[in-house]
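Below you'll find the structure, written out as structure tokens, and then a few comments.
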Amino acid sequence: MMPDASNPQAEPASFEEAAATTKAFGFWVYLMSDAVIFALLFATYAGMTRNFAGGPGGKELFDLGYTFAETLLLLFSTLTCGLAMLALTKNSINKVVSWLAATFALGLGFVIMEINEFDGLIEQGAGPDRSGFLSAFFTLVGTHGLHVSIGLIWLFAMIPQIELYGLSAAVRSRLYRLSLFWHFLDLVWVAIFSVVYLLGVL
Amino acid sequence: MNVYPEHPPKLSGYLIGFVLALLLTLTAFGLVIAGTEPLLAEGISRGTVVIAVSLLAVLQILVHLHYFLHLSFGIGNLKIVALLFTLFIIAVMVGGTLWIMYDLNYRMLPSR
């Protein structure tokens, strides 16, 4: 029985297995630190929700239909990521690659939509320099978008690794941590669309 | 090697999580897009809608934690311990930030 975060007392089967579960827990701790960063960006945003400096606010700027589309893209990508991990447990290498590719496509769609949204805001003079509200908005949502972009790079890097090394222990361990990262980003997005977009329009 | 020492994921888990998350998302968006006017007409305050949306968000975060991040709730789980500690840190830092900024804002107001 492998010792891990949920059962620290069990016997390790091998060094590789012990190292992998330690890495998985370590990555979880990193995600917790990332959660603190996002929480503080939320706190900064919360302090700025009314600081429009005479400029536009959420009511004028946010298109909830657009945000809903972005949300669906990310939610579906979290599902396809889970399906990739499911295929991993069944050692179906082709399905793993297919579902990872689907996750990448959906995530890329999200990032493109977000860049388009930011571009549109800047065009209409509602860039991060317009007001405290917009500075906080761009920082919070932009940091999340940056995380997703890095996740895309990671997804993109895993596919040639699978081609070269197959579903080796190292590849599995990395895919597991990538899936943790990806699910975490969808979780943060739930907070963003709720607090920033939905509450921002009310 | 097994990346899931606790319990292997199942398709049903991901599908249930996905459907729950989708329902919570639709409810939250629906409430704000279509619902605010009729709700305000019936005398339900904006504040109540804010609380409802926040609650839906918390619920969806729990769904994500359990169905996607496979977080099994139980105090022996080190991941849970790490999460609880993180929530404590967040409470102190966010609470402290809001307290300080609120106080600073008050002190910066023009005196009567």
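Counting only alpha carbon atoms, the long axis of helix A:93-123 and the longest principal axis of chain A meet at about 20°.
Long hydrophobic helices in chain B: the complete DSSP H runs spanning 18 Å or more by Cα along their own axis with mean Kyte-Doolittle hydropathy of at least 1.6 are B:11-30, B:46-63.
For B:L84, B:L109, A:L198, which order do you get if you count the other beta carbons within 10 Å of each Cβ and list the fewest first?
Ascending Cβ contact count within 10 Å gives the list B:L109, B:L84, A:L198.
Put the Cα centre of the stretch A:91-108 next to the Cα centre of the stretch A:17-69 and the gap is 25 Å.
Would you calculate the separation in nanometres between label points at B:L78 and A:S33, each defined as 7 Å from the Cα along the Cα-to-beta-carbon direction? About 1.6 nm, to one decimal. For the residues A:A84, A:A53, A:A126, a GNM of chain A with alpha-carbon springs under 10 Å puts the largest fluctuation on A:A53. Which shape class applies to chain B: rounded if a/c is under 1.5, otherwise prolate when a/b exceeds b/c and oblate if not, where a ≥ b ≥ c are the square roots of the Cα gyration tensor eigenvalues? It comes out oblate by the Cα gyration axes. Between the helical axis of A:15-47 and the dominant principal axis of chain A, each derived from Cα atoms, what acute angle in degrees is found, rounded to the nearest 10? In chain A, helix A:15-47 runs at an angle near 10 degrees to the longest axis. Taken residue by residue and averaged, Cβ atoms of other chains lying within 10 Å of the Cβ of A:190-202 number 6. Counting only alpha carbon atoms, the long axis of helix A:64-89 and the longest principal axis of chain A meet at about 0°. Quote the relative contact order of the stretch A:1-150 in percent (integer), defining contacts as alpha-carbon pairs under 8 Å separated by 6+ residues. Reported as a whole number, the value is 24 percent. Think of the protein assembly as shown as a dipole: +1 on every Lys or Arg Cβ, -1 on every Asp or Glu Cβ, centred on the Cα centre; then among A:Y197, A:I159, B:L55, B:L55 lies furthest on the positive end. In straight-distance terms, cross-link reach from B:K10 covers every one of the lysines whose alpha-carbon lies under 16 Å from its own, apart from those fewer than eight places away in the same chain; here that gives A:K90, A:K95.
Output the relative contact order of the stretch A:125-202, whole-number percent, from Cα pairs under 8 angstrom with separation of 6+ residues. Let's see the in-between values first.
Numbers: 28 pairs, mean separation 22.1, N = 78.
About 28 percent, as a whole number.
Using the alpha-carbon centroid of each, what span in Å lies between the stretch B:8-24 and the stretch B:50-79? If we compute the Cα centre of each part, the gap is 13 Å. When a/c reaches 1.5 or more, the comparison of a/b and b/c decides; with that in mind, is the stretch A:39-90 rounded, prolate or oblate per its Cα gyration tensor? Judged from the Cα gyration tensor, the stretch A:39-90 comes out oblate (a/c at least 1.5, b/c at or above a/b).
When +1 charges are put on Lys and Arg Cβ atoms and -1 charges on Asp and Glu Cβ atoms, the dipole computed for chain A relative to its Cα centre reaches about 260 debye. Would you work out if the stretch A:1-135 is rounded, prolate or oblate? Take a ≥ b ≥ c from the square roots of the eigenvalues of the alpha-carbon gyration tensor; rounded if a/c is under 1.5, else prolate when a/b is larger than b/c, oblate otherwise. Oblate is the answer for the stretch A:1-135, as a/c is 1.5 or above yet b/c matches or exceeds a/b.
We did not get these values from a lab; they are worked out from the coordinates using the rules stated. In this text the structure is predicted, and so the values were computed from the model without any measurement. Cβ: placed from backbone, ideal geometry, glycine included. Neighbour counts: every protein chain shown.
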